[in-house]
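Asker: This structure is in structure tokens; I'll ask about it shortly.
Values in this text are rule-based calculations from the coordinates and carry no lab data. A quick note: this is a predicted structure, and the numbers were derived from the prediction, not measured. Every residue, glycine among them, receives a Cβ derived from its backbone with ideal geometry; neighbour counts consider all protein chains shown.
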Amino acid sequence: MNPTIPDKLFFKIGEVAEISGVEQHVLRYWEDEFDFLKPNKNRSGQRLYQRKDVEVVLEIKHLLYEEKYTIAGAKQRLKEIRKRGTQLDFAFDRERFEGWKESMRKGLQDILKILDKGKA
């Protein structure tokens, strides 16, 4: 099951841990290991992740836990993706697209049925 990221500007580390299913100490470790995962900090030093940071956390988790990359391998893979200038390929985005596509297909079929009834 892929997590849904709430629609808000900033997330505290506890919220990111809950969304991603990754412990807070692991998130802090990943910040040290992955140069591009650098959440802002407020005046009191609390981490404030943006949506893009949460998406990166989910991609790192996917590479490490599902694709079984090592930390070094995940760094290299993400570096390749960033070098090409493409956005990260998130598995949950593909699933969301497939759901949207199916919903649109059904909606169009319903419209065609209505139009066919109008011809009769």
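Asker: Work through the residues other than Lys12 whose Cβ is under 12 Å from its Cβ and net out their charges, Lys, Arg +1 and Asp, Glu -1.
Answerer: On the way: positive: Lys8, Lys41, Arg47; negative: Glu15, Glu18, Asp53.
Neighbourhood net charge equals 0.
Asker: If you keep only loop residues by DSSP, which GluC sites (Glu not before Pro) in the stretch 1-65 have at most 16 other Cβ atoms within 10 Å of their Cβ?
Answerer: Details: sites: Glu15, Glu18, Glu23, Glu31, Glu33, Glu55, Glu59; in loops: Glu23.
In loop regions of the stretch 1-65 (DSSP not H, G, I, E or B), the sparsely surrounded GluC sites (Glu not before Pro) are Glu23.
Asker: I've got another one for you. Tell me, what is the FRET efficiency for Lys83 and Asp35 to the nearest 0.05, using R0 = 22 angstrom and their Cβ-Cβ distance as r?
Answerer: FRET efficiency, Lys83 to Asp35: 0.95.
Asker: Something else: Which of Lys38/Lys75; Lys38/Lys79; Lys41/Lys79; Lys12/Lys38 have a Cα-Cα distance over 18 Å?
Answerer: Beyond 18 Å: Lys41/Lys79.
Asker: If a/c stays under 1.5 just call it rounded; otherwise compare a/b with b/c (prolate if a/b is bigger, oblate if not). Do that for the chain, with a ≥ b ≥ c from the square roots of the Cα gyration tensor eigenvalues.
Answerer: In terms of gyration-tensor shape, prolate.
Asker: Rounding to the nearest 10 and keeping the result within 0 to 90°, find how far the Cα-based axis of helix 24-33 lies from the longest principal axis of the chain.
Answerer: 80 degrees
Asker: On to the next question. What distance in nm lies between label points placed 7 Å from Cα along the C-beta direction at Lys8 and Ile71?
Answerer: 2.9 nm
Asker: Let me ask something additional. Longest exposed-loop-site-free stretch of the chain, with chymotrypsin sites (Phe, Trp or Tyr not before Pro), DSSP loop and at most 16 other Cβ within 10 Å? Before the final figure, lay out the partial values.
Answerer: Values: sites that count: Phe36, Phe90.
That gives 37-89 as the longest site-free run.
Asker: With everything on Cα atoms, drop me the angle between helix 71-83 and the longest principal axis of the chain, reported from 0 to 90° to the nearest 10.
Answerer: The helix 71-83 is inclined about 60 degrees to the chain.
Asker: Grab the DSSP H runs of the chain that are 4 residues or longer, score each as -39,500 (n - 2.57), total them, divide by all residues and round the 222 nm result to the nearest 500 deg cm²/dmol.
Answerer: Calculated mean residue ellipticity at 222 nm is -19000 deg cm²/dmol.
Asker: Run the simple label-point estimate for Ser44 and Trp100 please: 7 Å along Cα→C-beta, distance reported in nm.
Answerer: For Ser44 paired with Trp100, the spin-label model returns 3.7 nm.
Asker: Using a 10 angstrom cutoff on alpha carbons, build the Gaussian network for the chain and name the most mobile of Gln24, Gln109, Gln46.
Answerer: Greatest mean-square fluctuation among the candidates belongs to Gln109.
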